[in-house]
Amino acid sequence: MSIQKRKYNPEDDLGFGSQPVIKNQPLIRQDGSVNVKRQGLPFFKAYETFHRLITMSWTKFWLLILAGYFVANVLFALLYLAIGVQYLNGAEGTTTYEHFWDAFFFSAQTIATVGYGRISPKGMATNTVAALESMLGLVGFALATGLLYGRFSRPSAKILYSNNLLVAPYLENGRGLMFRLANLRRNTLIDLKIEVIFSYNEDVNGKIMRRFYQLDLERTQVSILTLNWTVVHPLDDKSPLKDMTPEDLERTEATFAVLLKAFDDTFAQNVHSRTSYQHHQLVWGARFVPAFDRDQDGRIVLDLSKISEYKAADLPVIQGA
């Protein structure tokens, strides 16, 4: 069997053109990022600095802030030592090592405008450096505060997707390609719309090209996401995947890109989420285990840890297959 072909619609292209997938490199990664390596750009890109600081992980962000704070204090400490430790009133160290830490902690107090008073600057040069450092400290902390606010206030969707795509029994004697998703946050998402783009490599007159098809879904939108949503593509006669086999998908390096758009009621803005599945993430003959139950009071309880759970299921035999 092979993938059933239908009329190619250029509008389904995700923006990658006809470039084929090689060595199972996904076009869109599971975290939603685009798998394109960019070259030819300058090393320092000022126009991208804010975007990087806003979108990088929290771990990298805090490491960058702490590293910047530490490096700044080390540099100013060395500057105070270069001027002379005798110009720091109250510095009690007797060795070079102790002098450095006296200057370092004086710098930390100055840059944060704390000024405990145990150590104070003396002389024009030391006072000038201290005044410059306090000004840079005010600017630096203001920038860090603005970045923190930007990171917290930036609307984004945190969607939990199932780890696998399932080929499962669907309706009466039918099959469906399905995955499951849920909202990780407690906020309310409304007017959700979803697209699933199926793509694979196709040999066109001896040239390998990438083809894209927007899959028909059981439903493409929901009014409000309160529980989990099982997205289903019926494997009927209209589906390009009706007669698919695992070998077909592996040979053509097939992938499934998921594009989700919703309205965040908290921020009153649209938010987006993306992920992808590769052919090796398909599980044949399985169905999802229910992810919600009811407590003693009859209230619905959604267990997000069960979003990816499934169990084996017999697939109906397709006539003529």
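For the structure I just gave you, tell me whether residue 177 is buried (at least 20 other Cβ atoms within 10 Å of the Cβ), assigned by TED's automatic domain parsing to the domain that holds residue 232 and in contact with a helix residue (DSSP H, G or I) (Cβ under 7 Å, 6 or more places away or on another chain). In short, no. Within the stretch 62-107, being farther than 17 Å from residue 122 by Cα and buried (at least 18 other Cβ atoms within 10 Å of the Cβ) holds for one residue alone: 73. In the stretch 159-187, of all residues being free of Cβ contacts under 8 Å to residues at least 60 places away in the same chain and closer than 21 Å to residue 263 by Cβ, the one that is farthest from the chain's Cα centre (by Cα) corresponds to 186. Restricting attention to the stretch 286-312 and to residues that are in contact with a strand residue (DSSP E or B) (Cβ under 7 Å, 6 or more places away or on another chain), assigned to a loop (DSSP other than H, G, I, E, B) and exposed (fewer than 14 other Cβ atoms within 10 Å of the Cβ), the residue that is modelled with the lowest pLDDT turns out to be 295. Given the condition surrounded by fewer than 18 Cβ atoms within 10 Å (Cβ to Cβ), at pLDDT below 90 and closer than 30 Å to residue 178 by Cβ, answer yes or no: does some residue in the stretch 133-155 qualify? Yes. Against the conditions (1) buried (at least 17 other Cβ atoms within 10 Å of the Cβ); (2) in contact with a helix residue (DSSP H, G or I) (Cβ under 9 Å, 6 or more places away or on another chain); (3) at pLDDT below 90, residue 182 satisfies every one except (3). Exactly one residue among 237, 248 is assigned to a loop (DSSP other than H, G, I, E, B) and in the same structural domain as residue 162 (by TED's automatic domain parsing), and that residue is 237. Checked against (1) hydrophobic (A, V, I, L, M, F, W, C); (2) under 22 Å from the mean Cα position of the chain (by Cα); (3) not assigned by TED's automatic domain parsing to the domain that holds residue 226, residue 256 passes all but condition (3).
Conditions (1) within 25 Å of residue 316 (Cα to Cα); (2) in contact with a strand residue (DSSP E or B) (Cβ under 7 Å, 6 or more places away or on another chain); (3) among the aromatic types (Phe, Trp, Tyr); (4) without any contact (Cβ under 8 Å) to a residue 12 or more places away in the chain, marked per residue:
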{"position": "189", "(1), (2), (3), (4)": "no, yes, no, no"}
{"position": "198", "(1), (2), (3), (4)": "yes, yes, yes, no"}
{"position": "224", "(1), (2), (3), (4)": "no, yes, no, no"}
{"position": "233", "(1), (2), (3), (4)": "yes, yes, no, no"}
{"position": "256", "(1), (2), (3), (4)": "yes, yes, yes, no"}
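Taking the conditions exactly as written (part of a helix (DSSP H, G or I), touching a residue at least 24 places away in the same chain (Cβ under 8 Å) and over 33 Å from the mean Cα position of the chain (by Cα)), does residue 80 satisfy them or not? So residue 80 passes the test.
Against the numbered list (1) under 27 Å from residue 143 (Cβ atoms); (2) of a type in the set (Ser, Thr, Tyr); (3) in contact with a Gly (Cβ under 6 Å, 6 or more places away or on another chain), residue 87 comes up short only at (1). Residues in the stretch 237-276 that are surrounded by 15 or more Cβ atoms within 10 Å (Cβ to Cβ), at pLDDT 85 or above and farther than 16 Å from residue 201 by Cβ: 12 in all. Residue selection: residue 230 fails the criterion of being in the same structural domain as residue 196 (by TED's automatic domain parsing), within 17 Å of residue 159 (Cα to Cα) and assigned to a loop (DSSP other than H, G, I, E, B). In summary, strands (runs of 3 or more DSSP E) completely within the stretch 110-209 and bearing 1 or more residues that are in contact with a Pro (Cβ under 9 Å, 6 or more places away or on another chain) occur at 165-170, 174-183, 189-204.
The values are calculated or read from the model by the stated rules, or taken from the named source; none is laboratory data. All of these numbers come straight from a predicted model, not from anything done at the bench. No Cβ is skipped: glycine too gets one built from the backbone with ideal geometry, and neighbour counts run over all protein chains shown.
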